[in-house]
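A short worksheet on the structure shown next.
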Amino acid sequence: MANFAAITGWGMAVPERVLTNADLERMVETSDEWIQTRTGIRERRIAGPGEHTSALSIAAGRAALARAGLDAAQIDTVILATCTPDRPFPATACAVQAGIGARRAAAFDVVAACSGFVYGLQVATSMVRSGAARNVLFVACDIFTHFINWNDRNTCVLFGDGAGAVVLQPSDEPAGLLSCVLGADGEQEDLMAVDAGGTRLPATPELLEQGRQYVYMNGREIFKHAVRAMAASSLDAIQAAGLSTDDIALVIPHQANLRIIEATAKRLEVPMDRVFVNLDRYGNTSAASVPIALVEAVEQQRLRKGDYALLTAFGGGLTWASAVIRWSAE
Ligand code: ACO
């Protein structure tokens, strides 16, 4: 049994291809000005052939292992948060396990859409604390553009692809996840979904013809739910950690929309200079957005040893999740 699960390694991977707002202007009826003012996004990365979910996850996972100074053989559990697996079956975490060479590790996926990193961090941390796992590689990756109808301007400007990974190891010092608040509202599952291709509605030529394999969403409703749920669960997570918002050095929110982030920060009464934003370069990378932002925050020294950070996310389901972490690495 360990008291805490410290984050001892971290890494990220994004596809090579950059799709700018100017590129999108040539594809649908939109403008750089509309996209920037409504979302804050300037460009995003789009996965090409060979850059599928396990491939990006393996790249991010290797970087996290190297940073932790661990050999893949020392990893006993591989967890992958994704809602865009390589294949419907089996779990993509198994391909990641094989790809990094973690032969002794258990492997499974966690599905909570854009909240997947915080949900999975809670699962991984609980396993380390209970003694069920010792060295966990936890990756969050989504190739959300796989579900995009590139003729639908309501969705195609929002998403990008990527992966972020962390290594968790037992620690007696306060480190890693200190508190976590998870939530879901399945009554609202139709606010954002992909209809065809599952067991409820298997993909048929007719459904594919109708484009039912693509994501649809009610952006305005999701916007409202997102701000409410992220702000409320953030305050609960801060309180559960025995802290106040003034103690939080950096807020690392899900990178869906700059206006959602600003509205949430306002409710938390945290100034934007204590909020990390990188969606201008990546768009909404779903489950990968929080760990990619975490990795860049650490690289830019916006998060230093001993700092408390608030992670907060929301996504399809609906799901939401907020957590306070203490950064313990140099
Ligand atoms: N370019 C130009 N015009 C557009 C575009 C576009 N790309 N997209 C929509 N519009 C139009 C709409 O058609 C609408 O026109 P109308 O008034 O003539 O009908 C107008 O712009 C305004 O639409 P709104 O929906 O009011 O725009 P809003 O300010 O709400 O912004 C947005 C839309 C960006 C989608 C916003 O609602 C949002 O970000 N919502 C959250 C969505 C989200 O983050 N989803 C991901 C959840 S995370 C996960 O689980 C993966």
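The values are calculated or read from the model by the stated rules, or taken from the named source; none is laboratory data. Because the structure is a prediction, the values reported are computed rather than measured. All Cβ positions, even for glycine, are placed from backbone atoms using ideal geometry, and neighbour counts span all protein chains on display.
Quick check on Ile46: is it buried (at least 19 other Cβ atoms within 10 Å of the Cβ), more than 30 Å from Ala106 (Cβ to Cβ) and under 21 Å from the mean Cα position of the chain (by Cα)? Answer is yes for this residue. The criterion of at least 1 residues that are over 16 Å from the mean Cα position of the chain (by Cα), aliphatic (A, V, I, L, M) and away from the ligand (no atom under 16 Å from the Cβ) is met, among helices (runs of 4 or more DSSP H) falling completely within segment 87-172, by 92-100, 116-130.
Being away from the ligand (no atom under 16 Å from the Cβ) and within 18 Å of the chain's Cα centre (by Cα) holds for only one residue in Val270, Val275, and it is Val275.
Mind checking whether some residue in segment 288-296 is more than 28 Å from Ser54 (Cα to Cα) and not in a loop (DSSP other than H, G, I, E, B)? There is no residue in segment 288-296 that is more than 28 Å from Ser54 (Cα to Cα) and not in a loop (DSSP other than H, G, I, E, B).
Would you mind stating whether Ile252 is closer than 17 Å to Leu182 by Cα, buried (at least 17 other Cβ atoms within 10 Å of the Cβ) and within 16 Å of the ligand (Cβ to nearest atom)? It is true that Ile252 is closer than 17 Å to Leu182 by Cα, buried (at least 17 other Cβ atoms within 10 Å of the Cβ) and within 16 Å of the ligand (Cβ to nearest atom).
Checked against the criterion of being modelled with pLDDT of 95 or more, touching a strand residue (DSSP E or B) at 6+ places or on another chain (Cβ under 7 Å) and either over 27 Å from Asn218 (Cβ atoms) or not assigned by TED's automatic domain parsing to the domain that holds Val166 (or both), the candidates Thr319, Thr245 yield just one match: Thr319. For Met12, the criteria (1) more than 27 Å from Arg129 (Cα to Cα); (2) aliphatic (A, V, I, L, M); (3) touching a residue at least 40 places away in the same chain (Cβ under 8 Å) hold in every case but one, which is (1). Filtering Glu262, Glu330, Glu296 for residues that are over 16 Å from the mean Cα position of the chain (by Cα) and modelled with pLDDT of 95 or more leaves a single hit, Glu262. When the residues of segment 255-264 are filtered to those that are hydrophobic (A, V, I, L, M, F, W, C) and surrounded by 21 or more Cβ atoms within 10 Å (Cβ to Cβ), the one that is nearest to the ligand (Cβ to nearest atom) is Ala256. Scanning segment 170-189 turns up at least one residue that is surrounded by fewer than 16 Cβ atoms within 10 Å (Cβ to Cβ), on the phi < 0 side of the Ramachandran plot and in contact with a Lys or Arg (Cβ under 9 Å, 6 or more places away or on another chain). Here Glu16, Glu29 are screened, and the one residue that is under 17 Å from Ile292 (Cβ atoms) and surrounded by fewer than 19 Cβ atoms within 10 Å (Cβ to Cβ) is Glu16. Being at pLDDT 95 or above, at negative phi and out of contact with any Pro (no Cβ under 8 Å at 6 or more places or on another chain) is a description that does not apply to Met230. Yes or no: Ala226 in contact (Cβ under 8 Å) with a residue 24 or more places away in the chain, within 16 Å of the ligand (Cβ to nearest atom) and either basic (Lys, Arg) or outside any helix (DSSP H, G or I) (or both)? No: the conditions fail for Ala226. In segment 278-292, what residues are closer than 13 Å to Gly40 by Cβ and small (Gly, Ala, Ser)? Of everything in segment 278-292, those that are closer than 13 Å to Gly40 by Cβ and small (Gly, Ala, Ser) turn out to be Gly283, Ser289.
Is it the case that Asp280 is acidic (Asp, Glu), farther than 23 Å from Pro15 by Cβ and assigned to a helix (DSSP H, G or I)? In short, no.
Filtering segment 88-99 for residues that are surrounded by 22 or more Cβ atoms within 10 Å (Cβ to Cβ), of a type in the set (Ser, Thr, Tyr) and under 30 Å from Lys305 (Cα atoms) leaves an empty set. As a summary of the residue check, Ser286 satisfies the conditions (1) touching a strand residue (DSSP E or B) at 6+ places or on another chain (Cβ under 8 Å); (2) within 24 Å of His146 (Cα to Cα); (3) surrounded by fewer than 24 Cβ atoms within 10 Å (Cβ to Cβ) except for the one numbered (3).
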